[in-house]
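Q: The structure follows.
The values are calculated or read from the model by the stated rules, or taken from the named source; none is laboratory data. None of these values were measured; they are calculated from a predicted model. Note that each Cβ is placed from the backbone with ideal geometry, even for glycine, and that neighbours are counted across all protein chains shown.
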């Protein structure tokens, strides 16, 4: 269902649901993924990983492994020239990639269980595995710090000797808190004093993995000319290029990253793990080297989202307005600094118009894998706290949960949590659509089969959209089709989404635009696919390229007609003279007649956007049914209401909404890292790391709301991240609605529910 | 040795000899050629070929082959939808490709031995081979017409029922002469009447094959979405795309041709043979299908140059000027019309300023494989006749062979054989350089070891350069390197040649420009690499793209400096303010500072040139040594003097000069098609088709003359074809100089020399 604020019927292509250009290849198995890459002479790489969550590495002896027949190369962290030297800083924006080469291969310290310590290349996979066992590493185990509380305790072991913490602008030595920042607006303390009700709520959200089906894989070929070619499953070919070059201490232009399809990323494949190692091994082996992680490696040694503790305090006045809010956001960064706590701060109160706020954010180092982005990174944790508190306020005051949110909703001009004022945004429209939805208007039967208890919860979330650089080239064929080169990895149908914008701009059918994703040596810089940026930023670059193509074609038409270019108009795919009605030709007709007017016509477009517009809001409604005997919670109905700006391809938007909600529901109810006290993961397989499957969930209903982004010609907003924002809170609120108990720790698994029920009985 | 008319020292990159960008990959075996392409599920295609040079095909029964286990598809000519329908016409310019789908797969008639009749795809190569034997073809053998004389005889069998000949503009039915055209200027008959000497000379030049080492290969994948992907060794990806689409009756944009390296082409890989068959087989097999020719197929069934008979008549006045010339050019087209006789006519007298000329050209169908281009197609045959006659005139009159040529040499304003007036050209400069060369100034010892006889010959030739369409995209990286996308297949180092022009224009080092050849879906239309067009046309497109890039960068610099774009100057890689000397930044520095000025910078360039400028001239000096006992001729010294316009990469130019000369020498002395009377080739292997090897030839000396092409910013002329022009004549003249006998039939092999010597003895 789509609720368009701005009727899309004015578009010919936008809003339709064509088959994706890459669809056939993907369903027939023809699409080439990272692990499909094969070439003559290719050998296998494998990685030795730390069995300790925290240990000093006293010695790494590679000699026995190197001497083993069939072994072609053996490397350790000392082979990375950047290790022990000044780290590069390429963080910021959406290219938030691991900028710590020690995370690629450890040198003096293993910082988490699974941390890569050494690697081999061998003629086959088994030889490589055996060779790993011949590498002798002498460890001095150190106490592992596995939680936020332990990391910030006064007597905590300091994990990174060279970490200089930034605490409210002060340099601090000897800390595990890499960063503590504060955002303060108005006078929250004074405002709280005038509140008629203040609710405080702390939530604890556990680690969760993105759960992509395809493990990380990289193949590297270090050529005789010193140039490196890499094939790797990634959200950002340029990120792989830049990080590999930086970690190896060579020029970016010596690295060429080739496009392969990606089998799921969700933020986790913006990070770089294998390519620099595969490159080093290839250099020494003189052969192409492929490394494929197994699922244990993926879960233990790539970046899940870190655990978080978020405390909020929300004050309301008697007339139902939030007058003050305070948040304390503590996020685990994992082994090296760099959680997305800033994004959490950007989102925590942004659904609402609150004049007086104080937000403290903490980026905390622990002995766990370095956290990576996971969809709207750090947003679900913050939203869980805020929306639990809002729910509590409404319950305490007896206020309608949608009307309260509507009365307080952010709108154009409202200050975002982190300061900037919003442009035109859609939270109110989303809330009204929620109120009008069939789901919300259908009363919940509170008792299900076999005495199971039902409850309904809602939650809103805000997620900013990223901007950044994108590059597009268009090339017109004589048959009127258009080749579209774009640098954005296609995670979720972006080939089609960008092609549709080109088709709309040129008055062509979507099948007339043929998207191609070339390698990093063949297209301008394009930032990593993430931050919900591609439909907007790459779409805008494509739109600009289309405008440039039209301008060039006007000149060509003018040559053919013997008139001035400015006398040529373009509308709906048709070029015509502004003065002579006889002179008119369609784009396809013109394409066929370009001979003699100056050669083939190409055009390029590029953008470097400061941000992705105002961002997006979503509100979810969750109905749960809980067996009080077992504590098992089933989601029986679930609806996602979300602003899409303009839904270029509604099916793709709905897919994002459903996928994000499913991931959030899994995180809310089941998914967790079960770590033993040594930091080892007890459930490091997809059998034991329990993500919801299709049989666990109802069909997730969707309502697309369209409040166009004023900063994009078609009004596009990013839609991919926001749907993971509300589920933790919506489920938590639904559980409270069903049982009257408020769970504040994820996952809200049967044991925790039974425990809470027992606790209540005791009370 | 380079004789620059225009000192190249003003260039930083042009004129240097860098390592080719593709060099390492090629010498280490990493470069991917057509036969290296492999993919899951790929199966083998093979082709059944006609054992008759001329036969009616009464019936093709595919059923037994189709029923054989392991056979996945069987097709015949009837599967090509274009067969029996109006043929498309895509001829003209350098995209002179076989536009006859019956040449891909025969239908009612086999026109030459080796003509493809049916094809199979099977699980392996052996199964495919066995399946071919199960295809039952009923032939009615017809008399084969294997020579020009037989084809034009009054009682000749008519080979193509539906051929309508164009004889001086008249439609003629029932002929094997597809075209007869005449070019007449001045009054040759009247002029001959005033000549003091008229020499007539007829030469017969046999077929010769380009002799590329890599056989033709194509792999096709007909996708589930009806889109076809092709990997094929070719000089023109767009030609493969367009012809495959045309022969299959589908839109061009459904076909995507992927780039692979080419193992030699020399004109012969501008033609299309396998891709449409592989595509049909893939469609029916539902699998990718690869077809690789063997060397017999290559020699018998692809396009060598056809045989030719060229008769010239040249008249001179007493003061040593050519006052009239007449030519009769008969070229075999092979099985279907389309020899390059027009190019022969364009070259035949173009070395000289002749006011009165008549040229008759004939395109003649015979039962041989359809002729393809071979380097300067149809030029060597014409030059052989003209330069033999010129030699004869000089001998008869006692005139110096260089001074006579200099006195008559074409210069700016002279009419070319086929009409147009020359712009600035370099024949005089080449002749002067010949006269000044060490080779010419070193007297020949006329008796060699063991009584072998020596002679020296020279010959000049003219070759036009093609124009056509080329497309280039440049993309600036932040490290100041530039990605160069170009659509031209790299036959002879054109990646480097084009990259050097970009580097020169941008003030970068050649290693800073990284050429990439993408697929046909990723770059604007670019004509086939041939006609010596790439260095000029693609170079010009690249130059335009560089100019466009500079213009965009001026805008960016202006933003950074807060001045108007027109205030920014660019010179020698440096951007600077025209007014404020403080404001200056190198291109690399600017590249690193583009953030915040509007995103990545790309630019495109495209050209559609009517021709390649004035064309080029070359003069060759050949010293031969002949054993009068055996008739064996050795080339003992050989020098190529040639105008290169501006030699972008002198080593590459020299390589072309040496390679072209070597091919011409082979054709002159050894290479031939030994056909039996049924049209079967008796020497269809590289062991028996005797091309010269390094041990057969002396080091070929080179003198590059530089007379810049006024139509190109760097003065580039095409250099690849012309060096095959003079050798037949130079060798023939040298043999005459040694023995006093004039051979007029190629190859001038030992038997022919002994025969001529015996003949002279008899006389």
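Q: Having 1 or more residues that are touching a strand residue (DSSP E or B) at 6+ places or on another chain (Cβ under 8 Å), over 18 Å from residue A:21 (Cβ atoms) and outside the structural domain of residue A:243 (by TED's automatic domain parsing) is the bar; report the strands (runs of 3 or more DSSP E) wholly within region A:493-607 that clear it.
A: Details: elements: A:513-516, A:568-571, A:574-577, A:584-586.
The strands (runs of 3 or more DSSP E) meeting that bar are A:568-571, A:574-577, A:584-586.
Q: Separate question: Within region B:550-572, does at least one residue satisfy the condition of being in contact (Cβ under 8 Å) with a residue 40 or more places away in the chain, within 14 Å of another protein chain (Cβ to nearest Cβ), in contact with a helix residue (DSSP H, G or I) (Cβ under 8 Å, 6 or more places away or on another chain) and within 30 Å of residue A:479 (Cα to Cα)?
A: The answer is no; no qualifying residue exists.
Q: Shifting gears a bit: Quick one: which residue in A:296, A:241 is closer than 30 Å to residue A:659 by Cα and surrounded by fewer than 24 Cβ atoms within 10 Å (Cβ to Cβ)? Walk me through how you get there before you give the answer.
A: Numbers: A:241 fails: surrounded by fewer than 24 Cβ atoms within 10 Å (Cβ to Cβ).
Of A:296, A:241, the one residue that is closer than 30 Å to residue A:659 by Cα and surrounded by fewer than 24 Cβ atoms within 10 Å (Cβ to Cβ) is A:296.
Okay, residues lined up against (1) in a loop (DSSP other than H, G, I, E, B); (2) at pLDDT 95 or above; (3) surrounded by fewer than 17 Cβ atoms within 10 Å (Cβ to Cβ); (4) out of contact with any strand residue (DSSP E or B) (no Cβ under 6 Å at 6 or more places or on another chain):
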residue: B:52; (1), (2), (3), (4): yes, yes, no, no
residue: B:65; (1), (2), (3), (4): no, yes, no, no
residue: B:78; (1), (2), (3), (4): no, no, yes, yes
residue: B:98; (1), (2), (3), (4): yes, no, no, yes
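Q: Please verify whether region B:206-213 includes one or more residues that are in contact with a strand residue (DSSP E or B) (Cβ under 8 Å, 6 or more places away or on another chain) and farther than 28 Å from residue B:330 by Cα.
A: Among the residues of region B:206-213, not one is in contact with a strand residue (DSSP E or B) (Cβ under 8 Å, 6 or more places away or on another chain) and farther than 28 Å from residue B:330 by Cα, which makes the answer no.
Q: Exactly one condition in (1) surrounded by 16 or more Cβ atoms within 10 Å (Cβ to Cβ); (2) more than 14 Å from every other protein chain (Cβ to nearest Cβ) is not met by residue B:61; state its number.
A: Against the list (1) surrounded by 16 or more Cβ atoms within 10 Å (Cβ to Cβ); (2) more than 14 Å from every other protein chain (Cβ to nearest Cβ), residue B:61 comes up short only on (1).
Q: Please pick out the residue among B:225, B:187 that is over 21 Å from residue B:243 (Cβ atoms) and without any contact (Cβ under 8 Å) to a residue 40 or more places away in the chain. Working first, answer last.
A: Numbers: B:187 fails: without any contact (Cβ under 8 Å) to a residue 40 or more places away in the chain.
Going through B:225, B:187 in turn, the sole match is B:225.
Q: Sticking with this one: Tally time: how many residues in region A:369-411 are without any contact (Cβ under 8 Å) to a residue 40 or more places away in the chain and closer than 23 Å to residue A:709 by Cα?
A: Residues flagged as without any contact (Cβ under 8 Å) to a residue 40 or more places away in the chain and closer than 23 Å to residue A:709 by Cα within region A:369-411 amount to 1.
Q: Further, regarding this structure: Checking the condition crowded, with 24+ Cβ neighbours inside 10 Å, within 14 Å of chain B (Cβ to nearest Cβ), under 22 Å from residue B:594 (Cα atoms) and in contact with a helix residue (DSSP H, G or I) (Cβ under 8 Å, 6 or more places away or on another chain), which residue from A:537, A:542 passes?
A: A:542
Q: Got at least one residue in region B:436-455 being within 11 Å of another protein chain (Cβ to nearest Cβ) and either in contact with a strand residue (DSSP E or B) (Cβ under 8 Å, 6 or more places away or on another chain) or within 30 Å of residue A:517 (Cβ to Cβ) (or both)?
A: First, the residues of region B:436-455 that are within 11 Å of another protein chain (Cβ to nearest Cβ): none.
Within region B:436-455, none of the residues are within 11 Å of another protein chain (Cβ to nearest Cβ) and either in contact with a strand residue (DSSP E or B) (Cβ under 8 Å, 6 or more places away or on another chain) or within 30 Å of residue A:517 (Cβ to Cβ) (or both).
Q: I've got another one for you. Having 1 or more residues that are surrounded by fewer than 13 Cβ atoms within 10 Å (Cβ to Cβ) and assigned by TED's automatic domain parsing to the domain that holds residue A:79 is the bar; report the strands (runs of 3 or more DSSP E) wholly within region A:115-177 that clear it. Even if it seems obvious, please write down each step before you answer.
A: Values: elements: A:116-122, A:136-141, A:164-167, A:170-173.
Filter on region A:115-177 gives A:136-141.
Q: So residue A:25 fits all but one of (1) closer than 30 Å to residue A:497 by Cβ; (2) surrounded by fewer than 16 Cβ atoms within 10 Å (Cβ to Cβ); what number is the exception?
A: Unmet condition: (2).
Q: Further question: Of the residues A:29, A:41, only one is farther than 30 Å from residue A:340 by Cβ, under 30 Å from the mean Cα position of the chain (by Cα) and either at pLDDT below 95 or more than 14 Å from chain B (Cβ to nearest Cβ) (or both); which?
A: Working: A:41 fails: under 30 Å from the mean Cα position of the chain (by Cα).
From the options A:29, A:41, the qualifying one is A:29.
Q: Out of the residues in region A:219-238 meeting the condition of being out of contact with any strand residue (DSSP E or B) (no Cβ under 7 Å at 6 or more places or on another chain) and crowded, with 24+ Cβ neighbours inside 10 Å, tell me which one is nearest to the other protein chains (Cβ to nearest Cβ).
A: Applying the filter and picking the extreme gives A:238.
Q: To continue, here is another question. Only one residue in B:715, B:655, B:732 is buried (at least 16 other Cβ atoms within 10 Å of the Cβ), touching a residue at least 12 places away in the same chain (Cβ under 8 Å), outside the structural domain of residue B:294 (by TED's automatic domain parsing) and out of contact with any strand residue (DSSP E or B) (no Cβ under 8 Å at 6 or more places or on another chain). Which one?
A: Values: B:715 fails: out of contact with any strand residue (DSSP E or B) (no Cβ under 8 Å at 6 or more places or on another chain); B:732 fails: out of contact with any strand residue (DSSP E or B) (no Cβ under 8 Å at 6 or more places or on another chain).
None of the others qualify; the one that does is B:655.
Q: Next up: Of all residues in region A:208-252, which are over 26 Å from residue A:40 (Cα atoms) and in a helix (DSSP H, G or I)?
A: Result: A:239, A:242, A:243, A:246, A:247.
Q: Just one of the numbered conditions (1) buried (at least 24 other Cβ atoms within 10 Å of the Cβ); (2) away from chain A (no Cβ under 14 Å) is not true of residue B:214; which one?
A: (1)
Q: Of the residues A:106, A:122, only one is touching a helix residue (DSSP H, G or I) at 6+ places or on another chain (Cβ under 9 Å) and modelled with pLDDT under 95; which?
A: Working: A:122 fails: modelled with pLDDT under 95.
Criteria check complete, one pass: A:106.
Residue by residue, here is whether (1) surrounded by fewer than 24 Cβ atoms within 10 Å (Cβ to Cβ); (2) away from chain B (no Cβ under 13 Å); (3) at positive phi holds:
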position	(1), (2), (3)
A:471	no, no, no
A:474	no, no, no
A:478	yes, no, no
A:481	yes, no, no
A:491	yes, yes, no
A:497	no, yes, no
A:501	no, yes, no
A:520	no, no, no
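Q: Give the residues of region A:408-430 that are in contact with a strand residue (DSSP E or B) (Cβ under 9 Å, 6 or more places away or on another chain) and farther than 22 Å from residue A:657 by Cβ, sorted by residue number.
A: Taking region A:408-430 first, the residues in contact with a strand residue (DSSP E or B) (Cβ under 9 Å, 6 or more places away or on another chain) are A:408-410, A:412-419, A:421-422, A:425-430.
Result: A:408, A:412, A:413, A:414, A:415, A:416, A:417, A:418, A:419, A:421.
Q: Within region A:275-321, which residues are within 20 Å of residue A:377 (Cβ to Cβ) and assigned to a helix (DSSP H, G or I)?
A: Here is the first cut: in region A:275-321, the ones within 20 Å of residue A:377 (Cβ to Cβ) are A:298-312.
Those that are within 20 Å of residue A:377 (Cβ to Cβ) and assigned to a helix (DSSP H, G or I): A:298, A:299, A:300, A:301.
Q: For region A:598-605, state whether one or more residues are within 14 Å of chain B (Cβ to nearest Cβ) and surrounded by fewer than 22 Cβ atoms within 10 Å (Cβ to Cβ).
A: Checked region A:598-605: at least one residue is within 14 Å of chain B (Cβ to nearest Cβ) and surrounded by fewer than 22 Cβ atoms within 10 Å (Cβ to Cβ).
Q: Identify all residues within region B:302-322 that are touching a strand residue (DSSP E or B) at 6+ places or on another chain (Cβ under 8 Å) and surrounded by fewer than 24 Cβ atoms within 10 Å (Cβ to Cβ); write none if there are none. Give the derivation first.
A: Going through region B:302-322, the residues touching a strand residue (DSSP E or B) at 6+ places or on another chain (Cβ under 8 Å) turn out to be B:303-317, B:322.
Hits for region B:302-322 are B:309, B:311, B:313, B:317.
Q: Kindly check whether there is at least one residue in region A:392-400 that is buried (at least 24 other Cβ atoms within 10 Å of the Cβ) and either within 14 Å of another protein chain (Cβ to nearest Cβ) or modelled with pLDDT of 95 or more (or both). Step through it out loud before you land on a result.
A: So in region A:392-400, the residues buried (at least 24 other Cβ atoms within 10 Å of the Cβ) come out as none.
No - not one qualifying residue is present in region A:392-400.
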